[in-house]
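Below is one structure; the comments refer to it alone.
The values are calculated or read from the model by the stated rules, or taken from the named source; none is laboratory data. None of these values were measured; they are calculated from a predicted model. Counting neighbours? That spans all protein chains shown, and the Cβs are built from the backbone with ideal geometry, glycine included. Side chains included, ligands, DNA and RNA excluded: accessible areas come from the protein's heavy atoms. Shrake-Rupley method; radii C 1.70, N 1.55, O 1.52, S 1.80 Å.
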Amino acid sequence: MFRNAAAISLHLVGLLQGKKAGASVTRHLHQTFTMAKQMQARRLKGLDYNPWVEYARLATEYDAVNLGQGFPDFAPPDFALEAFQHAVSGDLMLNQYTKAFGYPPLTKILASFFGKLLGHELDPLTNVLVTVGAYGALFTAFQALVDEGDEVIIIEPFFDCYEPMTLMAGGRPVFVSLKPSPTRDGELNSSSNWRLDPDELASKFTPHTKALVLNTPNNPLGKVFSQTELELVASLCQQHNVVCISDEVYQWLVFDGCQHISIASLPGMWERTLTIGSAGKTFSATGWKVGWVLGPDHLMKHLRTVHQNSIYHCPTQTQAAVAESFEKEQLCFGQPSSYFVQLPRAMQRSRDYMARSLQSVGLMPVLPQGSYFLITDISGFKSKMPDLPGAANEPYDRRFVKWMIKNKPTGQPPHLCSPHPSCLEGTMWKLDCLLPRAWQPSLSPSSSACLIRRTSTTTSASVL
């Protein structure tokens, strides 16, 4: 501060000694004090670095294929593409604004479709909010409910935006980890073996706890929370009067007969749960950026306040396409022709292929119960290549992924991307495994694409 003051004083002396004063001095005074202000808002402190940006730059610099974001490299289902074509070439008014909180046919079908699944009759006007993707839904929820000093419980490993969104709202992240159970020699690990310790979870609840973030199926682990696990979370949320923000964007991608259960469907939880979904993940159309929040009006009214004073409105045509897609899917829901039946079957074949491939090169994958992610242990590589280039305090997996980008030519999988801190000493990696047009039997599994990146499972508050 004193250094800045001295610099300003010297600058003023120089101005006053010059030939021109008056308006010129006033103008320079204004410019000097303007430059001395801190431009960055305090809520952004520590959030400016983003490894996605760093690894995108590296991928470009070394001509590597950047698969940093988990999105399909195959087309959405035909009925969804047809719905989008109808939206852009049909009613001219779909080029204009629609209702701020959601295109009426979309809020209506979301209320009808999910009302049956949640066991509640949903009002399209008060229980549904359409957002710019699930990301927008999450941001709106944090801004609407989290205040200065509020604590938000985040289950590790976690999707990387939960922590910065908590911090930007003025909250304090409180972490609790899923912990793996031991496996017998030769036994393939599963995400179902990763569990919360009930006593540890209970200890994280305090009088300052405002919300708990639940992600099932989990990104990056692929864990599908069981009825018993959800009942534990529900009991604690009710006991401590805590809101549950439930990120369920991968609810249709569950394998091996697992059942996705929405925590809002449990007794006493509808009143305190925000359920978040994504059309991008539902219909393999992530670029459409349509998401939604479902919840009770006493919570949703605060999200609507944030929405109307920030985004205000989401693109009408993509909302119309999603509405028509849900209407088509509702007609065959649960039947073999349902996309929600076909997609997980195809992705399970991809998962099994990737797991076998990883095992064949000495890696130890954790078989996911859902989502299109899996994590794998690279400690075997660390024992063979312990001294990779990088800063002394840089975790091994960050050094490993940079080494792979720089030294392995494009087109040779795996393609590696953004590492996040890990509770397993930098040896757990996340793979986004997608099989192009996987439901076509003629396509060889060798055409699958993957990336590896590290999981967010640290117990500190330094995660992205």
### Message
Looking at the structure I just gave you, is Lys99 part of a helix (DSSP H, G or I) and open to solvent by 60 Å² or more (accessible area, probe 1.4 Å)?
### Response
no
### Query
Cβ-Cβ below 9 Å, separation at least six or inter-chain, first residue in segment 71-93 and at pLDDT below 90, second of a type in the set (S, T, N, Q) and open to solvent by less than 40 Å² (accessible area, probe 1.4 Å): which pairs?
Phe71/Ser284; Pro72/Ser284; Phe74/Ser284
### Query
Can you tell me how many residues in segment 322-352 are in contact (Cβ under 8 Å) with a residue 60 or more places away in the chain and of a type in the set (Ser, Thr, Tyr)?
3
### Task
Please determine, by comparing only the residues of segment 300-359 that are over 23 Å from the mean Cα position of the chain (by Cα), of a type in the set (Ser, Thr, Tyr) and part of a loop (DSSP other than H, G, I, E, B), which one is surrounded by the most Cβ atoms within 10 Å (Cβ to Cβ).
Ser338
### The listed residue being in contact with a strand residue (DSSP E or B) (Cβ under 8 Å, 6 or more places away or on another chain) and either surrounded by fewer than 18 Cβ atoms within 10 Å (Cβ to Cβ) or assigned to a loop (DSSP other than H, G, I, E, B) (or both), out of Pro124, Pro105, Pro72, Pro76
Pro72
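Yes/no per residue for (1) open to solvent by 20 Å² or more (accessible area, probe 1.4 Å); (2) aliphatic (A, V, I, L, M); (3) assigned to a helix (DSSP H, G or I); (4) touching a residue at least 60 places away in the same chain (Cβ under 8 Å):
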site	(1), (2), (3), (4)
Leu129	no, yes, no, yes
Gln143	yes, no, yes, yes
Leu167	yes, yes, yes, yes
Asp185	yes, no, no, no
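Would you point out the residue of segment 187-199, among those that are within 20 Å of Val242 (Cα to Cα) and assigned to a loop (DSSP other than H, G, I, E, B), that is nearest to the chain's Cα centre (by Cα)? First the steps, then the outcome.
Filtering segment 187-199 for residues within 20 Å of Val242 (Cα to Cα) gives 196-199.
The next check asks that each one be assigned to a loop (DSSP other than H, G, I, E, B); those that pass are 196-197.
Details: Leu196: 20, Asp197: 24 Å.
Going through the qualifying residues, I end up with Leu196.
Which of the following residues is in contact (Cβ under 8 Å) with a residue 40 or more places away in the chain, touching a Cys at 6+ places or on another chain (Cβ under 8 Å) and within 21 Å of Phe225 (Cβ to Cβ): Ile263, Ile276? Outline the logic, then answer.
Numbers: Ile276 fails: touching a Cys at 6+ places or on another chain (Cβ under 8 Å).
None of the other options fit; the residue is Ile263.
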### Residues being over 30 Å from Phe79 (Cβ atoms) and either open to solvent by less than 10 Å² (accessible area, probe 1.4 Å) or in contact (Cβ under 8 Å) with a residue 12 or more places away in the chain (or both) - total across segment 360-395
19
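Among Leu221, Leu232, which is the only one that is open to solvent by less than 60 Å² (accessible area, probe 1.4 Å), within 30 Å of His298 (Cα to Cα) and either without any contact (Cβ under 8 Å) to a residue 60 or more places away in the chain or assigned to a loop (DSSP other than H, G, I, E, B) (or both)? Walk me through it before giving the result.
Working: Leu221 fails: within 30 Å of His298 (Cα to Cα).
When all the criteria are applied, what remains is Leu232.
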